[in-house]
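A.B. asks: Got a structure here, written out as structure tokens. Questions coming.
The values are calculated or read from the model by the stated rules, or taken from the named source; none is laboratory data. Everything numeric in this text was worked out from a predicted model, so none of it was measured. Every residue, glycine among them, receives a Cβ derived from its backbone with ideal geometry; neighbour counts consider all protein chains shown.
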Amino acid sequence: MRALWQAFLLAQKVGKNLGAGKILFGEMQKMTMKQVDINLVNILTYAGTLPLIACVLSGVWPVPGFDRSLVAQTYSAVIISFLCGIHWAAFLFFPEKCPRYFLISSNVVALLAWGTLLISYEVIARFLPPLCFLFLFALDSRLRMKAIMPNWFYTLRRNATAIVVLSLLALAWL
């Protein structure tokens, strides 16, 4: 408990010294990630595509008891929700640059992704997640144009989106 209190006091002191408002809104644009952190983001992002690639491979080499469609749909809903959080953060940290529809559309897209788990009409359930990923990438393009998203992250998102969408489309045909 004492360590938690000390961490709180330290965070409060740092916040006062740095000017918390400036950190959250003004100075944040000037902050850059260290290369080691960018590398970690890249590794984690590409690793995040592996479950969908594994689902495709399980269609080629079946695994008894493994429901690749359910795994792919559920994992897609989780990742789509995570990506929608990026758009929320963009709006919260850059309200002057980021349109309000980022908040609304990200909620709608997340709900659509989760809704695919409840839909019995298989065509919608299989093709809606790739469309959600593509729509979110289109929003990322807007973030890049407004200089909210760094180029390296946009490139990473483009590559990961391509892997994910191609994997989901391959699953739709297996």
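A.B. asks: Can you work out which of the residues in segment 50-60 that are modelled with pLDDT of 90 or more and out of contact with any Lys or Arg (no Cβ under 6 Å at 6 or more places or on another chain) is surrounded by the fewest Cβ atoms within 10 Å (Cβ to Cβ)? First the steps, then the outcome.
C.D. replies: Step one: filter segment 50-60 for residues modelled with pLDDT of 90 or more, giving 50-58.
Imposing the further condition that a residue be out of contact with any Lys or Arg (no Cβ under 6 Å at 6 or more places or on another chain) reduces the set to 50-54, 56-57.
On the way: 50: 12, 51: 17, 52: 24, 53: 15, 54: 16, 56: 17, 57: 15.
Residue satisfying both the conditions and the ranking: 50.
A.B. asks: Can we say residue 82 is modelled with pLDDT of 90 or more, within 20 Å of residue 47 (Cβ to Cβ), out of contact with any Lys or Arg (no Cβ under 9 Å at 6 or more places or on another chain) and exposed (fewer than 14 other Cβ atoms within 10 Å of the Cβ)?
C.D. replies: Working: modelled with pLDDT of 90 or more: yes; within 20 Å of residue 47 (Cβ to Cβ): yes; out of contact with any Lys or Arg (no Cβ under 9 Å at 6 or more places or on another chain): yes; exposed (fewer than 14 other Cβ atoms within 10 Å of the Cβ): yes.
Yes; evaluated as a whole, the condition is true for this residue.
A.B. asks: Consider segment 165-174. How many of its residues are modelled with pLDDT under 95 and buried (at least 19 other Cβ atoms within 10 Å of the Cβ)?
C.D. replies: 1
A.B. asks: Shifting gears a bit: Among the residues of segment 36-56, write down those that are of a type outside the set (Asp, Glu) and farther than 25 Å from residue 124 by Cβ. Walk me through how you get there before you give the answer.
C.D. replies: Taking segment 36-56 as the starting set, the residues that turn out to be of a type outside the set (Asp, Glu) are 36, 38-56.
Passing the criteria: 36, 38, 39, 40, 41, 42, 43, 44, 45, 46, 47, 50.
A.B. asks: Name the single residue that is nearest to residue 142 (Cα to Cα) among those in segment 65-109 being over 14 Å from the mean Cα position of the chain (by Cα) and among the β-branched types (Val, Ile, Thr).
C.D. replies: Checked segment 65-109; the qualifying residue nearest to residue 142 (Cα to Cα) is 104.
A.B. asks: Scan segment 85-103 for residues that are loosely packed, with under 15 Cβ neighbours inside 10 Å, modelled with pLDDT under 90 and within 25 Å of residue 124 (Cβ to Cβ) and jot them down.
C.D. replies: Hit for segment 85-103 is 101, nothing else.
A.B. asks: Another question about this same structure. Given the structure, is residue 162 over 27 Å from residue 100 (Cβ atoms), surrounded by fewer than 17 Cβ atoms within 10 Å (Cβ to Cβ) and either β-branched (Val, Ile, Thr) or at pLDDT below 90 (or both)? Outline the logic, then answer.
C.D. replies: Working: over 27 Å from residue 100 (Cβ atoms): yes; surrounded by fewer than 17 Cβ atoms within 10 Å (Cβ to Cβ): yes; either β-branched (Val, Ile, Thr) or at pLDDT below 90 (or both): no.
Judged against the criteria, residue 162 is not a match.
A.B. asks: Out of all the residues in segment 43-85, which are assigned to a helix (DSSP H, G or I), β-branched (Val, Ile, Thr) and free of Cβ contacts under 8 Å to residues at least 24 places away in the same chain?
C.D. replies: The initial filter retains those residues of segment 43-85 that are assigned to a helix (DSSP H, G or I), namely 43-60, 68-85.
Filter once more, so that each one left must be β-branched (Val, Ile, Thr): 43, 45, 49, 53, 56, 60, 71, 74, 78-80.
Within segment 43-85, 43, 71, 78 qualify.
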